[in-house]
Amino acid sequence: MSLDFGPAVALSCRECGARYDLGPNFACLECFGPLEVAYSFGSVSRADIEAGPANIWRYRSLLPVPVDVAGKQNMNPGWTKLVQATNLGKVLGLRDLYVKDDSGNPTHSFKDRVVAIAVEAARNFGFHTLSCSSTGNLAGAVTAAAARAGFEACVFIPADLEQAKIAMARVFGGKLVGIQGTYDEVNRFCSELIGDPLGDKWGFVNVNLRPYYAEGSKTLAYEIAEQLGWRLPDQIVIPVASGSQLTKIDKGFKELIALGLVEDTPYKIFGAQALGCSPVSTAFKAGHDVVQPVKPDTIAKSLAIGNPADGPYVLDIARRTGGAVEDVTDAEVVSAIKLLASTEGVFAETAGGVTVGVLKKLVETGQLDPALTTVVLNTGDGLKTLDAIADDATPTAVIRPSLDAFRAAV
Ligand SMILES: *Cc1c(COP(=O)(O)O)cnc(C)c1O
Ligand SMILES: [Zn+2]
């Protein structure tokens with residue numbers, strides 16, 4: 001079997017730099033550090049990219065995927081809207097604010113990006129089943145992608161997830177297994193399953209395919225830069241669950257600079273967590289390099305990872321770029337969802353409430369410069385977390401169909 005990973009040439013250890021052949025491996029045999037995809041990029045021009053399709057495959061020459069990936073059965077996510085948020089900016093006192101709205105992906109969360117890359121790796125390795133441990137959105141993205149690409153699917157979630165996320169994961173077929181425990185326990189279970197004959201030929205998108213999966217998040221960085229007219233934002237607010245997305249957005253910005261696709265301008269990266277699951281912001285504020293695991297208790301279930309694998313790298317990046325990692329309460333998450341919806345017409349899931357809530361807090365505490373170009377991510381669709389705004393899920397008034405009744409009510 002010959003592998004086709006496009007410009008990717010190896011896996012390399014993020015800690016010690018040891019290199020490995022491209023394979024379904026995720027941890028360094030020398031030091032147990034996480035493995036990352038290493039590339040040998042050819043020359044890439046803005047014009048080549050702009051001539052590509054309106055999805056993540058316009059960046060295929062920067063991703064570990066076959067050259068002909070755009071022609072394969074795939075969900076083709078990405079190229080979501082960068083919404084100029086003038087109204088929200090006015091309310092918050094920010095002069096140049098944008099919302100990167102990833103609810104516009106095929107299964108209504110950013111996870112379609114990472115899964116699309118993992119699917120190509122699973123094809124390369126001859127796997128027959130796609131699997132994952134999920135806080136909700138990933139399960140739906142995996143089962144949908146499996147349906148389209150012709151894989152079996154078996155995905156694992158904490159049993160107490162939002163009904164919409166359970167339904168989204170089931171409707172595409174495959175098996176959905178609820179585990180009685182937290183996400184971190186689901187993830188540990190999946191690691192055991194990989195070592196068992198039961199899990200043979202299974203591609204766990206965020207475990208044994210994690211190096212490939214993670215690269216999908218770089219496309220957010222590429223899109224934001226291209227949509228800003230090929231320049232980097234000055235400040236960006238990113239939600240943190242495992243921390244993978246944040247670290248790869250940084251990697252994406254660095255690649256664009258190295259390839260000469262954007263000017264080398266400074267950018268600050270801010271991480272956002274819900275207070276009920278804030279191991280990274282806690283470590284950031286305490287000045288620690290290690291992240292102490294917590295047991296999550298928050299309505300932002302998509303971000304409820306108590307032991308984030310990339311937590312230490314998030315701390316490094318926030319500190320290196322002059323950003324920060326902040327947190328907000330569940331009440332602040334709910335009001336931020338409503339604020340974003342009522343100013344910009346964007347209905348965010350709780351993760352988007354976390355980023356917008358943190359954005360507000362960063363402005364109020366002077367950690368963010370209101371004059372600079374700022375991007376805040378909304379990574380999922382509010383329809384998936386309706387419980388969060390259940391108090392508002394009633395009409396303003398219920399009346400008889402008469403003008404008198406209406407006059408009296410308003
Ligand atoms: C998975 C997810 C994230 C980011 O997760 P990381 O593990 O930090 O990469 C952000 N928002 C939503 C809605 C998600 O589902
Ligand atoms: Zn190593």
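Restrict the check to the range 103-114 and report whether at least one residue is within 16 Å of ligand 1 (Cβ to nearest atom) and farther than 22 Å from residue 242 by Cβ. Outline the logic, then answer.
First, the residues of the range 103-114 that are within 16 Å of ligand 1 (Cβ to nearest atom): 103-114.
Imposing the further condition that a residue be farther than 22 Å from residue 242 by Cβ reduces the set to 104.
Within the range 103-114, one or more residues are within 16 Å of ligand 1 (Cβ to nearest atom) and farther than 22 Å from residue 242 by Cβ.
Quick one: how many residues across the range 118-146 are surrounded by fewer than 24 Cβ atoms within 10 Å (Cβ to Cβ) and of a type in the set (Ser, Thr, Tyr)?
The qualifying residues number 1.
Only one of (1) without any contact (Cβ under 8 Å) to a residue 40 or more places away in the chain; (2) out of contact with any helix residue (DSSP H, G or I) (no Cβ under 8 Å at 6 or more places or on another chain); (3) not basic (Lys, Arg) fails for residue 228. Which number is that?
Among (1) without any contact (Cβ under 8 Å) to a residue 40 or more places away in the chain; (2) out of contact with any helix residue (DSSP H, G or I) (no Cβ under 8 Å at 6 or more places or on another chain); (3) not basic (Lys, Arg), residue 228 violates only (1).
Six or more apart or on different chains, Cβ under 8 Å: which pairs go from a residue in the range 344-364 that's away from ligand 1 (no atom under 16 Å from the Cβ) to one that's of a type in the set (Gly, Ala, Ser) and assigned to a helix (DSSP H, G or I)? Could you list them?
Pairs found: 360/336.
For residues that are open to solvent by less than 20 Å² (accessible area, probe 1.4 Å) and among the β-branched types (Val, Ile, Thr), scanning just the range 147-170, find the one that is farthest from residue 116 (Cα to Cα).
Looking at the filtered set, the residue picked out is 157.
Residue-wise test of (1) more than 15 Å from the chain's Cα centre (by Cα); (2) among the β-branched types (Val, Ile, Thr); (3) at pLDDT 95 or above; (4) on the phi > 0 side of the Ramachandran plot.
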| position | (1), (2), (3), (4) |
| --- | --- |
| 99 | no, yes, yes, no |
| 114 | no, yes, yes, no |
| 124 | yes, no, yes, no |
| 131 | yes, no, yes, no |
| 158 | yes, no, no, no |
| 163 | yes, no, no, no |
| 171 | yes, yes, yes, no |
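Which numbered condition trips up residue 54, out of (1) surrounded by 14 or more Cβ atoms within 10 Å (Cβ to Cβ); (2) within 30 Å of residue 342 (Cβ to Cβ); (3) of a type in the set (A, V, I, L, M)?
Answer for residue 54: the failing condition is (1).
Filtering the range 360-379 down to residues that are in contact with a helix residue (DSSP H, G or I) (Cβ under 9 Å, 6 or more places away or on another chain) and hydroxyl-bearing (Ser, Thr, Tyr), which residue is nearest to residue 95 (Cα to Cα)?
Among them, the one singled out is 374.
Looking only at the range 363-399, how many residues end up being polar (S, T, N, Q) and assigned to a strand (DSSP E or B)?
Qualifying residue count for the region: 3.
Give me the residue from the range 100-115 that is of a type outside the set (D, E, K, R) and touching a Ser or Thr at 6+ places or on another chain (Cβ under 9 Å) and, out of that set, farthest from residue 185 (Cα to Cα).
104
Out of curiosity, is residue 46 within 16 Å of ligand 1 (Cβ to nearest atom), farther than 24 Å from residue 146 by Cα and either in contact with a Phe, Trp or Tyr (Cβ under 9 Å, 6 or more places away or on another chain) or among the basic types (Lys, Arg) (or both)?
Taking the combined requirement at face value, the residue does not satisfy it.
Against the definition (among the charged types (D, E, K, R) and buried (at least 19 other Cβ atoms within 10 Å of the Cβ)), how does residue 344 come out, yes or no?
In short, yes.
Step by step: first the residues of the range 1-20, then only those that are open to solvent by less than 40 Å² (accessible area, probe 1.4 Å) and within 16 Å of ligand 2 (Cβ to nearest atom), then the one that is farthest from the chain's Cα centre (by Cα). Which residue is that?
Filtering the range 1-20 for residues open to solvent by less than 40 Å² (accessible area, probe 1.4 Å) gives 5-8, 10-13, 18.
With within 16 Å of ligand 2 (Cβ to nearest atom) added as a condition, the list becomes 10-13, 18.
Working: 10: 24, 11: 22, 12: 22, 13: 22, 18: 27 Å.
Among residues in the range 1-20 that are open to solvent by less than 40 Å² (accessible area, probe 1.4 Å) and within 16 Å of ligand 2 (Cβ to nearest atom), the one farthest from the chain's Cα centre (by Cα) is 18.
Condition first: touching a residue at least 12 places away in the same chain (Cβ under 8 Å), open to solvent by less than 80 Å² (accessible area, probe 1.4 Å) and either within 12 Å of ligand 2 (Cβ to nearest atom) or farther than 23 Å from residue 243 by Cα (or both). Now tell me which residues in the range 27-44 satisfy that.
28, 31, 33, 34, 35, 36, 40, 41, 42, 44 - these are the residues of the range 27-44 that are touching a residue at least 12 places away in the same chain (Cβ under 8 Å), open to solvent by less than 80 Å² (accessible area, probe 1.4 Å) and either within 12 Å of ligand 2 (Cβ to nearest atom) or farther than 23 Å from residue 243 by Cα (or both).
The values are calculated or read from the model by the stated rules, or taken from the named source; none is laboratory data. These numbers were taken from a predicted model, which means no experiment stands behind them. Glycine gets a Cβ as well: all are built from the backbone with ideal geometry, and neighbour counts include every protein chain shown. Heavy atoms of the whole protein, side chains included, go into the accessibility calculation; ligands, DNA and RNA do not. Shrake-Rupley method; radii C 1.70, N 1.55, O 1.52, S 1.80 Å.
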